[in-house]
Ligand code: HH2
């Protein structure tokens with residue numbers, strides 16, 4: 001018998017990429033003032049969480065120099081902490097020193113697409129009393145799309161996330177989100193499968209983050225080549241993720257996502 005997924009009210013995490021080369025908004029918010037204005041706009045649109053990244057992790061991206069990543073994200077996080085009390089702030093980084101500086105500047109959470117694999121990362125988050133988003137990614141952004149074959153996609157992703165959550169709790173971290181990493185070493189067909197697997201991941205006991213926004217699989221499903229024009233398709237993925245119980249939606253288009261969620265929830269839950 002089909003059991004409907006539990007009612008969901010996902011929080012929107014608005015994305016701020018302080019980068020010249022992010023796949024959908026590279027260069028748009030490279031100046032701190034532009035990044036800060038964009039974050040304030042996303043909060044006005046209803047985002048309750050802002051994620052600030054200084055390194056693109058799109059497929060094939062080259063790693064950025066650590067000093068440059070620090071220069072991009074730390075002033076933006078410090079300014080947002082002062083201007084947006086009550087909004088959760090995360091730094092999207094794989095580097096321990098960037099995480100440390102961002103936490104000192106006022107970030108609450110480290111959003112780590114490598115799930116805390118850098119030496120000292122989990123201890124750094126624990127020492128700050130901060131939270132962590134642990135995301136599944138096979139390999140590195142530069143090479144992750146070369147081999148996207150899985151014998152058991154959902155089993156492998158879930159087992160990896162369970163192992164990283166155990167490592168995080170062993171390091172002393174108490175606040176954890178899990179993310180299956182849509183587009184990170186996944187074939188196009190895998191991404192919808194992982195959205196349907198949200199209840200399996202949530203059964204590990206931690207809330208789930210889903211980042212489908214503007215990604216290539218949305219373009220493949222809709223025929224839209226320009227990432228900035230994938231809003232309608234991204235909203236479709238967001239509603240599907242909400243229906244399967246996602247706790248947090250990482251999105252570029254907050255206003256569109258929230259309006260769709262309001263109608264979706266009113267119709268489904270009353
Ligand atoms: N996706 C991207 C970056 N960080 N973090 C989490 N937790 N989940 C995701 O799905 C995720 C993420 C890639 O998107 P974006 O930041 O827009 O692009 P880029 O990496 O090119 O800056």
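Any read-out appearing in this document is the output of simple, stated calculations on the displayed coordinates, not a laboratory observation. Bear in mind that the values here come from a model prediction, so they are computed numbers and not experimental data. Note: ideal-geometry Cβ built from the backbone for every residue, glycine included; neighbour counts use all protein chains shown.
Given the peptides 17-26, 122-131, arrange them by the average over their residues of other C-beta atoms within 10 Å, most packed first.
Result, highest mean first: 17-26, 122-131.
Assign one of three labels to segment 151-194, namely rounded, prolate or oblate, based on the Cα gyration tensor with a ≥ b ≥ c the square roots of its eigenvalues; rounded applies when a/c is under 1.5, prolate when it is not and a/b is larger than b/c, and oblate otherwise.
Values: a/c = 3.48, a/b = 2.25, b/c = 1.55.
Cα axes put segment 151-194 in the prolate bin.
If each DSSP helix of 4+ residues adds -39,500 (n - 2.57) and the sum is divided by the residues in the chain, what number results at 222 nm, nearest 500 deg cm²/dmol?
Result for the chain: -13000 deg cm²/dmol, rounded to the nearest 500.
Compute the whole-percent fraction of alpha carbon pairs in segment 72-131 spaced more than 19 Å apart.
For segment 72-131, the fraction of Cα-Cα distances above 19 Å is 21 percent.
Which of the three applies to the chain, rounded, prolate or oblate, going by the alpha-carbon gyration tensor with a ≥ b ≥ c and a/c under 1.5 meaning rounded?
Rounded, because the longest to shortest axis ratio a/c is under 1.5.
With the contact rule set at Cα under 8 Å and sequence spacing of 6 or more, what percent relative contact order holds for segment 192-242?
Contact order relative to length: 35 percent.
For segment 201-257 and segment 65-132, what is the separation of their Cα centres, given in Å?
Answer, in whole Å: 23.
With a 10 Å cut-off between alpha carbons and a GNM built on the chain, which of 239, 249, 178 moves the most?
Largest GNM mean-square fluctuation: 239.
What is segment 38-82 by shape, rounded, prolate or oblate, if you read a ≥ b ≥ c off the alpha carbon gyration tensor as root eigenvalues and call it rounded for a/c under 1.5, prolate for a/b larger than b/c, and oblate otherwise?
oblate
Relative contact order for segment 149-210: what is it in percent, counting Cα pairs under 8 Å that are at least 6 residues apart? Numbers along the way, then the final one.
Values: 44 pairs, mean separation 25.2, N = 62.
In percent, rounded to a whole number, it is 41.
State the volume of the convex hull built on the alpha-carbon positions of segment 147-234, expressed per residue in Å³ and rounded to an integer.
Value for segment 147-234: 107 Å³ per residue.
With contacts defined as alpha carbon pairs under 8 Å and 6 or more residues apart, what's the relative contact order of the chain in percent? List each step's numbers first, then the result.
On the way: 537 pairs, mean separation 54.3, N = 270.
Value for the chain: 20 percent.
Restricted to Cα positions, what overall size does segment 67-217 have along the principal axes? Three whole-Å values, descending.
So the three principal-axis extents are 44, 30, 29 Å.
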